[in-house]
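A short worksheet on the structure shown next.
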Amino acid sequence: MEGFKKFILRGNVVDLAVGVVVGAAFNSVVQSLVKSFFTPLIAIIIGQHNFSSLYFSINGNKVDYGDFINAFVSFLIVAIVVYFFIVLPMNKLQQLSRSGKSIDPTTKKCPYCFSEINIKATRCAFCTTVLKEKK
């Protein structure tokens, strides 16, 4: 029982569980967006939003391909929505947050004790090492 307790209380298991729950909730939001907004938009453009009745016959056998087209179109719409409304904005936010850190740094790390010191310091306040000046 002790090993199971350690396994369950490990951080990555809890993080994974939270990710699955949030992912399921997010899935319903994206599916709702696709169903209520993008599918009617496609119906306006193409004239039809449900392809499930499409089929062809070979030697009297009916081959339904409409459900596959429905699933494929739905997948494409979800992928496009996720990319343009989630992935691109998140990448842009991450890029902005990274670029904000590199503008005019005011501190540097001492190469000997790795403490944060003023960028203009010539001696480390923590280990008192004389630092080389950049020319």
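The values are calculated or read from the model by the stated rules, or taken from the named source; none is laboratory data. Computed from a predicted model, the values in this text were never measured in an experiment. Using ideal geometry, Cβ is built from the backbone for each residue, glycine included, and neighbour counts are taken over all protein chains shown. Accessible surface areas use protein heavy atoms only, side chains included; no ligands, DNA or RNA. Shrake-Rupley method; radii C 1.70, N 1.55, O 1.52, S 1.80 Å.
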Discussion item. Among the residues of the stretch 55-66, are any touching a helix residue (DSSP H, G or I) at 6+ places or on another chain (Cβ under 9 Å) and either basic (Lys, Arg) or within 30 Å of Asn27 (Cβ to Cβ) (or both)?
Written reply: yes
Worksheet entry | Output for the stretch 30-47, where each listed residue is over 14 Å from Ser74 (Cα atoms) and open to solvent by 70 Å² or more (accessible area, probe 1.4 Å) | Ile44, Ile45, Ile46
Discussion item. Step by step: first the residues of the stretch 14-27, then only those that are open to solvent by 60 Å² or more (accessible area, probe 1.4 Å) and modelled with pLDDT under 85, then the one that is farthest from Phe75 (Cα to Cα). Which residue is that?
Written reply: Val14
Discussion item. With open to solvent by 70 Å² or more (accessible area, probe 1.4 Å), polar (S, T, N, Q) and in a helix (DSSP H, G or I) as the only criterion, which of Asn70, Asn91, Asn50 stands out?
Written reply: Asn91
